[in-house]
1. Looking at B:M84, B:M117, B:M95, which one is open to solvent by less than 40 Å² (accessible area, probe 1.4 Å), among the hydrophobic types (A, V, I, L, M, F, W, C) and farther than 15 Å from B:L178 by Cα?
2. Only residues that are out of contact with any helix residue (DSSP H, G or I) (no Cβ under 7 Å at 6 or more places or on another chain) and assigned to a helix (DSSP H, G or I): list them for region A:173-191, please.
3. Output yes when any residue across region B:31-50 is on the phi < 0 side of the Ramachandran plot, free of Cβ contacts under 8 Å to residues at least 12 places away in the same chain and either in a loop (DSSP other than H, G, I, E, B) or of a type outside the set (G, A, S) (or both), and no when none is.
4. In the list A:A224, A:A282, A:A261, which residue meets the criterion of being in the same structural domain as A:S159 (by TED's automatic domain parsing), over 17 Å from the mean Cα position of the chain (by Cα) and at negative phi?
5. Out of (1) within 14 Å of chain B (Cβ to nearest Cβ); (2) in contact (Cβ under 8 Å) with a residue 24 or more places away in the chain; (3) open to solvent by 60 Å² or more (accessible area, probe 1.4 Å), the odd one out for A:D239 is which?
6. What do you reckon, is A:I88 under 30 Å from A:L51 (Cα atoms) and open to solvent by less than 30 Å² (accessible area, probe 1.4 Å)?
7. For a quick check of your reading of the model, give me the residue pairs whose first member lies in region A:207-223 and is more than 8 Å from A:S169 (Cβ to Cβ), whose second is outside any helix (DSSP H, G or I) and open to solvent by 20 Å² or more (accessible area, probe 1.4 Å), with beta-carbon atoms closer than 9 Å and at least 6 apart or on different chains.
8. So, restricting to helices (runs of 4 or more DSSP H) that lie completely within region B:63-151, which ones have at least 1 residues that are over 16 Å from B:A167 (Cβ atoms) and touching a strand residue (DSSP E or B) at 6+ places or on another chain (Cβ under 9 Å)?
Amino acid sequence: MRKGIRSTSKYRVAKSKIFFGIMCLFSALTMIPLFVILWELAKKGYKQFNLSLFTEVAPTSMEAMFARATGNLIPGGILNGITGTLLILSMAIVIAIPIGIMTGVYLAENQEKKLANFVRHLSDLLQGIPSIVIGVVVYIWVVIPMSSYSAVAGSVALSIMMLPMIIRSTEESLKMLPVTLKEAGLALGGSYSSVVMRILIPSAFSGLFTGSLLAISRVTGETAPLLVTALGAASVNWDATSPTSAISLLIWEFYNDPNLADLVWSSSLLLLLFVLGINLLAKSIAKKWKIQ
Amino acid sequence: MENSVNTNNHILELKDVSVSYTPGQYAVKDVSAIIKPNTVTAMMGPSGCGKTTLLRAINRMHELYPNIVTTGEILLQGENIFSMNAMKVRRMAGMVFQRPNPFPTMSIYDNVLAGYMLNNVGLKKHEKDEIVETSLRSVALWDEVKDSMTKKGSFLSGGQQQRLCIARALALKPELLLMDEPTSALDPISTNKVEELIFELKKDYTIVIVTHNMSQAARLSDNSMFMYLGELVEYGATKQMFTKPNDKRTEEYLTGVFS
């Protein structure tokens, strides 16, 4: 009898070791795509990853053809894409963050209300809407009334995509705060708005900030909604009402032109590094500003 | 800091106060009592007897939760709190919570001034310095933290945090200080310090303290309320109650027949 129990336990130990091993293996496997992608982009893009990538606008197909014919590097860079991405993103942030945070506060503060449940479900649904669909709808809402493709149309599309993530992260990080924090604020005679603005939001700030950064990094590389809203531009444009380029749009243009195809890799590498940078920043902030 | 002179010499009067969480069920039932200035009043009773609920009715804390209904009258310096502005009531009746809860994003200095900041009261630098120093001195925390004003409140020990929270409430110069088991989350040494502090504060403030700890009530309070199942069973001088209680239930509670 005793022996039997022992043998079973040996078998169990072996089984759990194998299970543990499989988990480790799969976890390691998930890291492989990231490193392969980075390696691929670095290998193919390093030649074009130079200063002119940041300082010059995208070359035309003809310029690139001449350069290729003479065996030179393709001239030009993606400055119009970088500035466009920055313009579109910053406007999207200005639109999405106040709305998202206010909604998140409302959801966290009124968890049982019907409207709150309704909004919460809709926000989850919004997250599942394909980006191209959002793009097309914004085309109807913004591009047609303005009768022009524009950076602001692109920002509206991206801000709609950012909203669900900001709302969710705001709600979650506010719900983590102890209720006595709010009570303490109100017990000092503070008005509800000043308690929310000066105690609750600052206390949950690291969560809000991380969530917002992740939302930004999520939409940075979006291409489909920008194709039908911001369209693209050949030169640097800071006018929010005019068509504007973006890094992701340029990648798409380069991909479609055999003469420019070499630029796909360096631009993709830059985009990837940018997004990775935001992610790392978000992680380090979440760690550093965490409030005990 | 001084309490304004009151004609009928009581700062707080409860008239038939009832609180219910669910309709028809009362957590506090028809409590009437008068609290005199510069006294410490202890609310005692077994868990769930409604003492914290009653305390929180005094600064209208229950209004944060729509399902809680408070009826009756509560007069603060002769004025019914339900016809006053809730924010004014809460400034007049400061509250100290069970667990120390300094605002985590604020420095020690800003924590003391939090009440002014939340009420959008603009103060000059020297006024701020003065309020911070007096408030921290009155909780005997000044000497311990005067060199680390810019540090976060959470950097302090539990007992220091609780004293900081008391200073935060005192900074607004309230008429009344409501304390909800302020030492239950503290170690014995910190508890001792907070108790000494309450004894000191009695000179300038009127204090109502909820406590689970009978010996604490005996040590600290002038008057005691014994509550049981939402009712105020007995209210009188602490000495009298601990030596010769009027009600049999009080006697049983104090002698440990139930708790």
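The values are calculated or read from the model by the stated rules, or taken from the named source; none is laboratory data. These numbers come from a predicted model, not from an experiment. Note: ideal-geometry Cβ built from the backbone for every residue, glycine included; neighbour counts use all protein chains shown. The accessibility values were calculated without ligands, DNA or RNA, using every heavy atom of the protein model including side chains. Shrake-Rupley method; radii C 1.70, N 1.55, O 1.52, S 1.80 Å.
1. B:M84 is the lone residue from the list that is open to solvent by less than 40 Å² (accessible area, probe 1.4 Å), among the hydrophobic types (A, V, I, L, M, F, W, C) and farther than 15 Å from B:L178 by Cα.
2. Once the filter is applied, which keeps residues that are out of contact with any helix residue (DSSP H, G or I) (no Cβ under 7 Å at 6 or more places or on another chain) and assigned to a helix (DSSP H, G or I), region A:173-191 yields A:V179, A:T180, A:A184.
3. Looking for residues that are on the phi < 0 side of the Ramachandran plot, free of Cβ contacts under 8 Å to residues at least 12 places away in the same chain and either in a loop (DSSP other than H, G, I, E, B) or of a type outside the set (G, A, S) (or both), one finds none in region B:31-50, hence no.
4. None of the other options fit; the residue is A:A261.
5. (1)
6. Here the answer is yes, as A:I88 does meet what is asked.
7. A:F209/A:W289
8. B:86-92
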